[in-house]
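The values are calculated or read from the model by the stated rules, or taken from the named source; none is laboratory data. Just so we're clear, the structure is a prediction, and the values are computed from it rather than from any experiment. Glycine gets a Cβ as well: all are built from the backbone with ideal geometry, and neighbour counts include every protein chain shown. The area values use the complete protein model at the heavy-atom level, side chains included, leaving out ligands, DNA and RNA. Shrake-Rupley method; radii C 1.70, N 1.55, O 1.52, S 1.80 Å.
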Amino acid sequence: MMTERLYLYDTTLRDGQQTQGVQFSTEEKHTIAGALDALGIDYIEGGWPGANPTDSAFFDTAPKTRATMTAFGMTKRAGMSAQNDDVLAAVMNARTQAVCLVGKTHDFHVRTALGISERANTDNIAQSIAHITASGREALFDAEHFFDGYRANPAYALETIKAAYDAGARWVVLCDTNGGTLPQDVGRITAAVIAAGLPGDHLGIHTHNDTENAVACTLAAVDAGARQIQGTLNGLGERCGNANLTTLIPILLLKEPYASAYDIGVTPDALAGLTRISRMLDEILNRVPHRQAAFVGSSAFAHKAGLHASAILKDPTTYEHIDPADVGNARIIPMSNQAGQSNLRERLAGAGLTVAKGDPALGVILDRIKAREADGYSYDTAQASFELLAREALGQMPEFFEVKRYRVTVERRKNKYDKMISLSEAVVVVKVDGVKKLSVSESMDETGGDRGPVNALAKALAKDLGRYQDIIDDMRLVDFKVRITQGGTEAVTRVIIDSEDGQGHRWSTVGVSPNIVDASFEALLDAIRWKLLRDTKGTS
């Protein structure tokens, strides 16, 4: 069966940077562009040359990619020619293979935002696109507010995009700029555009997620005949984000009717790296990956209920719509007080522990988990702490070192500038190979700011572990979550810590105590013990 080509256009580096709190460096843009190219994306929109120094620097040193590198800009301004518009000139001077220009297609915006006539706007679009094609570049036209404009004045909305197409635009991209159009309307209007004479293999779709429908709207446009998809990694974008390519790509490759009907340029081998790329982006942004993200989230293939896990052991397709490995993810059997022995055996097997069905140790482990969760612990996400608990119950947990005592102090005082500052200091005494070692650490960062008592404690604990020191030197704490599990004067604090090492391995541990520092120390201790367990193959 013949497949039809469907093109992927990534705008993470431009529209994704509109996300609140996101600002890529030039080096980070290079890293992301390389990952997108390896994935198989057809077009990479690198940014808006001239709009800011970072985007200009990126295009000055743009990487060589298989993908078509694209510069973004806007149509020429009224009252000047395309050749004499300095803003458009900056975009052209990036010397990219393709140029994407945004222009108005809603008559309300033409009159209100631009303050010009509809005819003048249409001429601006046509002349700008013609200027790009005359230079031998591929031209794309982002039809801003197209769906709103079509509903308000379909004749004028069509006039603008026909002007772009007739001037030589390879792609006319229908944009739901405000993100309020629903899938059925996207499909209906896209079909109407094709019926009006613009071929589907020259139409793209660009949606926003303000109604949680960006992916559905994109698929509706494809169903209607559009053949280019614009989106971003992890759905980055202004307000509620853009169409999420991290979700769309596996849908198009793995789900019917799309898998049989289209070729998107992403191979199965490249798809297996999708989870890694998604988490790489979160790492660059210094944010915690969304656990419930479709396909790539850490909970996307997590099976908590015992009934589910029992069926998964027999046939994973009972509760999984795809093989997690297809997208580079993994199945997780979280441990909780809802767990049965099927969950437990599956989770133990994942940790390399084989326990026979009916082994009394299974009941002991389950009883410990349920008792500890009654005290406030949670092993749903703290998989590393669960493994340590299980190994201790099975008598398979080495004692790498022993903590003899620790102390944390927080001092509030005035500095030489007569400003009140805090200073945290931690002292930890451990016993390694029969030798006691005392470590002291403060919480000051490179700017002289106090990072708090938990930071001081983490630094002191990991300062000198004798022959194990080299193993933990590349560890770092990447997330720290605190929850109060009981209120009032008897409040209990639960701390979840996410750690990562130099190889990109990430693991979670839990600590519980009425004292937040004590709970934090327990989670930190588990994090180090699990790292030592994994990297020493369990030998002490």
The listed residue being among the polar types (S, T, N, Q), in contact (Cβ under 8 Å) with a residue 24 or more places away in the chain and open to solvent by less than 30 Å² (accessible area, probe 1.4 Å), out of THR207, THR267: THR207
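Anything in the stretch 406-424 that is of a type outside the set (Gly, Ala, Ser), out of contact with any helix residue (DSSP H, G or I) (no Cβ under 6 Å at 6 or more places or on another chain) and open to solvent by less than 90 Å² (accessible area, probe 1.4 Å)? List them, or say none.
Correct list: TYR406, THR409, GLU411, ASN415, ILE421, LEU423.
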Of the residues in the stretch 247-263, how many are closer than 18 Å to CYS217 by Cβ and either open to solvent by less than 20 Å² (accessible area, probe 1.4 Å) or not aliphatic (A, V, I, L, M) (or both)? 9
Quick one: would you say GLY306 is open to solvent by less than 50 Å² (accessible area, probe 1.4 Å) and at pLDDT below 85? yes
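Checking the structure you have, find out if any residue of the stretch 430-450 is of a type outside the set (Val, Ile, Thr), on the phi < 0 side of the Ramachandran plot and part of a helix (DSSP H, G or I).
No: the stretch 430-450 contains no residue that is of a type outside the set (Val, Ile, Thr), on the phi < 0 side of the Ramachandran plot and part of a helix (DSSP H, G or I).
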When the stretch 229-243 is checked residue by residue, the ones that are open to solvent by 30 Å² or more (accessible area, probe 1.4 Å) and under 23 Å from VAL172 (Cβ atoms) are GLU238
Check LYS431 against each of (1) open to solvent by less than 60 Å² (accessible area, probe 1.4 Å); (2) out of contact with any Leu (no Cβ under 9 Å at 6 or more places or on another chain); (3) of a type outside the set (Asp, Glu) and name the one condition it does not meet. (1)
Name the pairs whose Cβ atoms lie under 7 Å apart, with the first residue in the stretch 143-156 and among the charged types (D, E, K, R), the second open to solvent by less than 50 Å² (accessible area, probe 1.4 Å), and 6 or more positions between them or separate chains? GLU144/VAL102; GLU144/GLY103; GLU144/LYS104; GLU144/THR105; GLU144/CYS175; GLU144/THR177; ASP148/HIS106
When the residues of the stretch 97-135 are filtered to those that are open to solvent by 10 Å² or more (accessible area, probe 1.4 Å), of a type in the set (Ser, Thr, Tyr) and not in a helix (DSSP H, G or I), which remaining residue is farthest from ILE161 (Cα to Cα)? SER135
